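The values are calculated or read from the model by the stated rules, or taken from the named source; none is laboratory data. Computed from a predicted structure; not experimentally measured. Cβ sites come from the backbone with ideal geometry, for glycine too, and all protein chains shown count toward neighbours.
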Amino acid sequence: MPTIFDELLDRFHGYLGSVDSKLVSDAVARVDWDMHARALEPRLLGCLRHLDRIAEAAPPEIKPLVGFVAEHRNDLHWGQTYTAADFGQAFIDNYGWLEVFGTRGHFVNGEVAAGLLILGPDIVYPDHHHIAEEIYIPLTGGTEWRMGEGGFHVREAGKVIHHASNVNHAMRTGNEPLMALYIWRGGPLAQKSTIAKDSA
């Protein structure tokens, strides 16, 4: 009998299959979706209080994935890479991620990591970079994103955002929380990001 984790993977895969992007479709095609489950205990975080609003705000084509995550939030293993010493307690109280598959997620994959990021309202995720190439798809709209030396620009839900290896990028939420799908590949899949010196 399929578990909630199997359904999570199916919904995650299904949403990615609906995204009209060659970058995303190529990434999805390279994933071996016959992954072994990893036994993880539930881990809850403060940012999960934003999930009801995230599920409400998500566009119709995204609701099957986001609504499922919101419904089963207490069964999932949520993580944080940073501590309050990095960005302050307000950031930590409004930040977390769910790795669906990868080196520490609900399914085992040593080549690619993918999952969901949550940021609460009025949060700045400062400029940072990492070796892994990253594809982001915001599942809620209104968040401002920046990359390299550019300024912040609002990206709506479903917009594909590509960060090449070691390129600085940042996010800034407004009145609404953010949930974004991410795919990491081509580098250490559990590496803590390097914070840009002028953002520390």
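Here are a few things to note about the model shown:
- Scanning segment 128-147 for residues that are under 17 Å from TRP184 (Cα atoms) and in a strand (DSSP E or B) yields HIS128, HIS129, GLU133, GLU134, ILE135, TYR136, ILE137, PRO138, MET147.
- Any chance LEU65 is in a helix (DSSP H, G or I) and surrounded by 21 or more Cβ atoms within 10 Å (Cβ to Cβ): yes
- Residue under evaluation TYR182, criteria (1) over 14 Å from the mean Cα position of the chain (by Cα); (2) at pLDDT 95 or above, criterion not met: (1)
- Test result for ALA85, loosely packed, with under 13 Cβ neighbours inside 10 Å, outside any strand (DSSP E or B) and among the hydrophobic types (A, V, I, L, M, F, W, C): yes
- Inter-residue pairs, beta-carbon under 6 Å, first touching a residue at least 60 places away in the same chain (Cβ under 8 Å) and in segment 69-95, second surrounded by 12 or more Cβ atoms within 10 Å (Cβ to Cβ) and part of a strand (DSSP E or B), 6+ apart: LEU76/LEU98
- Residues considered: GLU144, GLU99. Of these, the only one that is under 25 Å from ARG11 (Cα atoms) and either free of Cβ contacts under 8 Å to residues at least 60 places away in the same chain or hydrophobic (A, V, I, L, M, F, W, C) (or both) is GLU99.
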